[in-house]
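To start, the structure itself, in structure tokens.
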């Protein structure tokens, strides 16, 4: 079982790169949405560059990372089938399902962005951007604590973090609006 740690390391590497993509893609969507308000020449030049960046991130990093993280996760579960009998793993797999749903929604937003048809406000996208953060915190607490009960305290902390993030987003929006008024 010497190779087990190599598989675990590869799984973790691709989980990290998958999350990196899921953290950055909504940020690129925000930039695209804000580009819609620019002058036509700026909108065209910046918009095309953002579309290229988004496409490369999505197809070269995010999707391959999701697939490889999943493959290595399945291999790990085949090597350690007893994990499937543990409550914390059931909860973790539920969060993984939520992560795939989040990924799917990002894909729909990606397709809209490639057509220049993102309909969300930049503020709504900033809030959506925190979804991956909440899932990441939940999964990390579950994996480290390996308890289907004790993780609840971690998730309560996550919701406190979510509230703080929301307040931070609102504060950031107000600061940005004030800066624009002062220009």
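See the values below:
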quantity	calculated
Subset of the range 106-142 [assigned to a helix (DSSP H, G or I), free of Cβ contacts under 8 Å to residues at least 24 places away in the same chain and closer than 19 Å to residue 54 by Cα]	108, 111, 112, 124
Flag for residue 115 being within 18 Å of the chain's Cα centre (by Cα), surrounded by fewer than 14 Cβ atoms within 10 Å (Cβ to Cβ) and modelled with pLDDT of 85 or more	no
Hits in the range 15-45 (condition: in a helix (DSSP H, G or I) and either closer than 18 Å to residue 121 by Cβ or touching a strand residue (DSSP E or B) at 6+ places or on another chain (Cβ under 6 Å) (or both))	25, 26, 27, 28, 29, 30, 31, 32, 33, 34, 35, 43
Scan of the range 43-72 for residues that are under 26 Å from residue 152 (Cα atoms) and surrounded by fewer than 18 Cβ atoms within 10 Å (Cβ to Cβ), ordered by number	70
Any hit, the range 138-150, residues being over 30 Å from residue 84 (Cβ atoms), surrounded by 13 or more Cβ atoms within 10 Å (Cβ to Cβ) and over 20 Å from the mean Cα position of the chain (by Cα)	no
Which numbered condition residue 93 fails, given (1) touching a helix residue (DSSP H, G or I) at 6+ places or on another chain (Cβ under 7 Å); (2) modelled with pLDDT of 90 or more; (3) surrounded by 12 or more Cβ atoms within 10 Å (Cβ to Cβ)	(1)
Positions within the range 71-88 being more than 18 Å from residue 19 (Cα to Cα), part of a helix (DSSP H, G or I) and in contact (Cβ under 8 Å) with a residue 12 or more places away in the chain, in sequence order	75, 76, 79, 87, 88
The lone exception for residue 35 - which of (1) within 20 Å of the chain's Cα centre (by Cα); (2) surrounded by 14 or more Cβ atoms within 10 Å (Cβ to Cβ) it fails	(1)
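The values are calculated or read from the model by the stated rules, or taken from the named source; none is laboratory data. Note that this is a predicted model, so its numbers are computed, not measured. Heads up, the Cβs are rebuilt from the backbone with ideal geometry, glycines too, and the neighbour counts pull from every protein chain shown.
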